[in-house]
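The values are calculated or read from the model by the stated rules, or taken from the named source; none is laboratory data. Being a predicted model, the structure only gives us computed values, none of them experimental. Don't worry about glycine lacking a Cβ; one is built from the backbone with ideal geometry, like all the others, and counts go over all protein chains shown. Quick note on the areas: whole protein, heavy atoms, side chains included, nothing else; ligands and nucleic acids left out. Shrake-Rupley method; radii C 1.70, N 1.55, O 1.52, S 1.80 Å.
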Amino acid sequence: MEPFVACGVCAFPVCRPCYEYERKDVEDAGVNDEANAVNGSSYKLGVQDRSHNKKEQTIHNWDMSYGKGEDVAPPDYDKAVSLNHIPLLTNGRSVSGELSAASPERLSMASPESGVRGKHIDPLPYVVDGSRSRSGSVAWKERIDGWKMKQEKNAVPMSVGNAPSEGRGGVDFDASTDVLMDDSLLNDEARQPLSRKVSIPSSRINPYRMVIVLRLIILSIFLHYRITNPVPNAYALWLVSVICEIWFAISWILDQFPKWLPVNRETYLDRLALRYDREGEPSQLAAVDIFVSTVDPLKEPPLVTANTVLSILAVDYPVDKVSCYVSDDGAAMLTFEALSETSEFARKWVPFCKKYSIEPRAPEWYFSQKIDYLKDKVHPSFVKARRAMKREYEEFKVRINGLVVKAQKIPDEGWFMQDGTPWPGNNTKDHPGMIQVFLGHSGGLDSEGNELPRLVYVSREKRPGFQHHKKAGAMNALVRVSAVLTNGPFLLNLDCDHYINNSKALREAMCFLMDPNLGKTVCYVQFPQRFDGIDKNDRYANRNTVFFDINLRGLDGIQGPVYVGTGCVFNRTALYGYEPPLKPKHKKAGMISTCFGRSRKRSSGSSGKNSNKKKSGKHVDPTVPIYNLEDIEEGVEGTGFDDEKSLLMSQMSLEKRFGQSATFVASTLMENGGVPQSATPESLLKEAIHVISCGYEDPTDWGREIGWIYGSVTEDILTGFKMHARGWRSIYCMPQPPAFKGSAPINLSDRLNQVLRWALGSVEILLSRHCPIWYGYGGRLKWLERFAYVNTTIYPITAIPLLAYCTLPAVCLLTGKFIIPQISNIASIWFISLFLSIFATGILEMRWSGVGIDEWWRNEQFWVIGGVSAHLFAVVQGLLKVLAGIDTNFTVTSKASDEDGDFAELYLFKWTTLLIPPTTLLIINLVGVVAGISYAINSGYQSWGPLFGKLFFAFWVIVHLYPFLKGLMGRQNRTPTIVVVWSVLLASIFSLLWVRIDPFTTQVTGPDVVLCGINC
């Protein structure tokens, strides 16, 4: 009989007949009706309530030690309690950071250095609500003993809503919910998991795996043949080709085997609603803080950012559980004013979306849909309301466009706000930190009087002489600000051009993060990136479908997908550098489990609180920092000093790790989210200004072990890698319709620059201490996951052998030599088998993934185009940065919309040196084809046989570079003169060099005059 988890608290497995019998036995025992009315269920949990909560006591002591004397109450899942008040400001004026205790109605907007005056505003309530406990439970022995006690006693069930935490997480959220349910609603649906892993059908995945193994065998035989059969008259060409082929084989192995265990996932939103968001009751869904990052409003248009913010404010999620933080790292007044306009328009847009179930909830994309917008709409007032809303949005666009035009001409004296005070961010490299609350709980009401989610503008402090760490530093500033103001247990980060396309996206993520069993070990839920505004043929593989639909689904079956920078919902605890809870192991892992599913066991003893051995705070491997809340608590108790001294030591340790902010450090210990009840809005905002100051991170672990990790322009890969190295797993969620959509650069030059930035980040990681080749072996990173990370960091290096390999066909055609000797019939069979296995792998991969052949082929083409251009430059720049200290500037990818229609940007040419190498390769290969055919025509029939192999080789290069050739031609089919001049010059030099070394024609030696005479 297949067992299932009968209890959400102890996870005790039992078969369904036994469960039904036990439930019937409990009901027949006649539990007191009054107890049912109080506790909501006759189902008893065998968990004894404990009177002492160590974590709450630790937080209480923490605050007392700072002289505040304020308790941190545990979150109440049944109701939202107003904890403090934050005023609402929408007049576009900043308020001074100079706070007065006698004036509780003033809001800190800028650092004290800004000296900007404020305006008197009425205070509005600011609610911070709790969320579920996500990790930890009693020890396994206690679980079984407690379950047995339930059999023997027919006592009134006890509510475990405030039961003390065990380990790091307290009680499971769904357990406390079940206890409070009515017996009539306590059905099987409410107890079942919130998601399910769906394996690929064996009829599709098994042939794929067999072909992979077969291809590996054939590749080994092929390489053995190539190494043991050199070409004497072209030894140099043969050696280069063999080295390239060996590297390609290693690269293929690193890329292919992490796709061995692809999975799909299903979510059950109805079960999530039944458990946490039942109609007519206060929602118990966890709070989510959403981050939107922007830098340059001229490259990232404010209208694009506004659409992203509007889609967030209109998301299908309890409004008191959503907080949107917009990071303006360019301190642009244009962004600030556009956000103010957006907050006003949101009062009309949000109720319209929720009343008529609008999808998507970004107005620009909703109104531009070429579909029947009346489909499934039954409300009689919808047509009239839609017309009115479209007019409102068009007026909103005009106002935003007016702001953009105004911002084009910067006054000599800088910008001024409405009250005449200078804009604090006039000097983008030297300005104070700024925080503006546009919408807040009960303060931001829509046109129908309903609450709106919080909307907060944040611009961190910038000063000369400080390292600000670009986007990663801005994200860490948002983590700290949000922890001080709202402290939601989960974080969603979005680029300014990625709007919420599916209003239930947050609920999809909660099906994993709030699952009582799975959610304990999940560090983040990654969604695929989908894009609007891409040409039908996707000339430059902007959709990146192969990566998002094949590679990441493969990783989801191992330890989870890599973090790709946007569209990701984080567990805040994982970002703070804590380790996940450990699962008990019952059997020794074998070789297969080592590769595909092993998680290491900590060397310390039992993780239960009743264990005689406490976890050691010292860790053998310094490369895998493991922070555990239980370690912190036990460290306080086990030091042997009195309470005051031990608490002081604990405070110093936490401040060294998280920074000199008592409020923020206290928030890191509150795994359920929320802020202290007695905190005032003035103190919170002043603390928020403090945590975004320049020097806050200097003596701390921020950027090294905590938050977004510094050291690479692709901070996303590095951040996800550190989490996986600690033992966390991630989830890949692919809902329909897609959760998020964004824009991508469809122009050739912009696309290559984007790829250059990604590749440069990978090279920086490869040359750093965090390189996955040698980092984190003392952690719990699975081997195939490590393979994927190694491939993610070394793929730019492939540019060097790829460039050499693409040059070889032209060299062979111009010199008459070849890299392969004359082969036998048996050897030709292995060559044909290799090509067939390559095609078979691609076909079967497309079959199980659903990726189209056109998308797969575009990906292959751009792999060559990007490899010989952007990846090559990334390797050079990375080496210069590491070895010579020559840094390269980070370029923000343009997010301009296609206003001219017909994908005008696709045909726009922008000069960049990245275009020279692929253009040169095209010319020399075309010249080689002409030279080879001419030579064959002049030499007779016997020279055509060897020529076919060389021509096939050259055409392979030309076909892969064909989209690049079309991009050079543009709409007018005319290549820019500068590209032609440079490429012809390089191709001519290369050709003349080979003519000088080894001419095309064979030199014929004349007769010996001495032997034959002059008339011979």
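Stokes-Einstein D for the range 365-404 at 4 °C, 1.567 mPa s, Kirkwood Rh over Cα pairs, in µm²/s?
Details: Rh = 11.6 Å.
Roughly 111 µm²/s, to the nearest whole number.
Starting from the amide H of residue 524, placed 1.01 Å from N in the peptide plane, find each other amide H under 5 Å away whose residue is 5 or more places distant or on another chain.
571, 731
Could you give each residue of the range 537-548 its phi-based ³J(HN,Hα) in whole Hz, using Karplus coefficients 6.51, -1.76, 1.60 with θ = phi - 60°, and x for Gly or Pro?
7, 6, 3, 10, 6, 5, 5, 6, 5, 4, 5, 6
Given Cβ point charges of +1 (Lys, Arg) and -1 (Asp, Glu) and nothing else, what value in debye, to the nearest 20, does the dipole of the range 729-807 about its Cα centre take?
280 debye
Any idea what Rg and Dmax come out to for the range 259-408 if you just take the C-alpha atoms, in Å?
Considering the range 259-408 through its Cα atoms, Rg and Dmax are 18.1, 55 Å.
Between residue 372 and residue 410, 0.36 nm times their residue separation minus their Cα-Cα distance comes to what?
9.3 nm
Keeping every protein chain present and rolling a 1.4 Å probe, give me the accessible area per residue for the range 664-736 in Å².
Here the per-residue accessible area is 24 Å².
When a/c is below 1.5 the answer is rounded, else prolate if a/b is larger than b/c, else oblate, so apply that to the range 303-358 with a ≥ b ≥ c taken from the square roots of the Cα gyration tensor eigenvalues.
prolate
Express the relative contact order of the range 420-486 as a whole percentage, based on alpha carbon pairs under 8 Å and six or more residues apart in sequence. Could the numbers behind the result be given before it?
Numbers: 73 pairs, mean separation 18.7, N = 67.
28 percent.
Where Lys and Arg each count +1 and Asp and Glu each count -1, what net charge lies around residue 393 among other residues with Cβ under 14 Å from its Cβ?
+3
Report the semi-axes of the equivalent ellipsoid for the range 724-770 in whole Å, largest first, where each axis is √(5λ) for an eigenvalue λ of the Cα gyration tensor.
Equivalent-ellipsoid dimensions as semi-axes: 25, 24, 5 Å.
If N is the number of residues in the range 761-852, what value comes out of its Cα radius of gyration divided by 2.2 N^0.38 Å?
Normalised by 2.2 N^0.38 Å, the Cα Rg of the range 761-852 equals 1.57.
Under the definition of Cα pairs under 8 Å and six or more residues apart, what whole-number percent is the relative contact order of the range 309-425?
Result for the range 309-425 is 32 percent.
Using DSSP to define loop residues, name the trypsin sites (Lys or Arg not before Pro) in the range 370-470 whose beta-carbon has at most 12 other beta-carbon atoms within 10 Å.
Qualifying residues, ordered by number: 370, 375, 409, 429.
Taking θ as phi - 60°, what are the ³J(HN,Hα) couplings along the range 214-220 by the Karplus curve (6.51, -1.76, 1.60), each to the nearest whole Hz, with x for Gly and Pro?
Ordered by residue, 3J(HN,Hα) equals 4, 5, 4, 5, 4, 5, 5 Hz.
If you find the alpha carbon centre of the range 831-887 and of the range 406-422, how far apart are they in angstrom?
So the separation of the two Cα centres works out to 48 Å.
How large is ³J(HN,Hα), in whole Hz, for each residue of the range 280-287 in order, when computed from phi with the Karplus curve 6.51 cos²θ - 1.76 cosθ + 1.60 and θ = phi - 60°, using x for Gly and Pro?
Those phi angles translate into x, 10, x, 5, 10, 5, 6, 6 Hz.
Using alpha-carbon pairs under 8 Å, 6+ residues apart, how would you state the relative contact order of the range 356-501 in percent?
Reported as a whole number, the value is 19 percent.
Can you list residues from other chains, or at least 5 along the same chain, whose modelled amide H is less than 5 Å from the amide H of residue 741?
Counting only residues 5 or more places away or on other chains, the set is 499, 501.
For the range 436-561, what is the charge dipole size about the Cα centre, in debye to the nearest 20, if Lys and Arg each add +1 at the Cβ and Asp and Glu each add -1 at the Cβ?
540 debye
Of 301, 342, 326, which is farthest on the positive side of the dipole of the range 288-371, counting Cα position, with +1 on Lys and Arg Cβ, -1 on Asp and Glu Cβ, and the Cα centre as origin?
The residue sitting farthest along the positive end of the dipole is 342.
Once fully extended, how much extra length lies between residue 255 and residue 348, figured as 0.36 nm per residue of separation less the alpha-carbon to alpha-carbon distance?
Result: 28.6 nm gained on full extension.
In terms of the Cα gyration tensor, with a ≥ b ≥ c the square roots of its eigenvalues, is the range 441-561 rounded because a/c is under 1.5, prolate because a/b exceeds b/c, or oblate?
Details: a/c = 1.42, a/b = 1.28, b/c = 1.11.
Rounded is the answer for the range 441-561, as its axis ratio a/c remains below 1.5.
Which of the three applies to the range 371-502, rounded, prolate or oblate, going by the alpha-carbon gyration tensor with a ≥ b ≥ c and a/c under 1.5 meaning rounded?
Here the range 371-502 falls in the prolate category.
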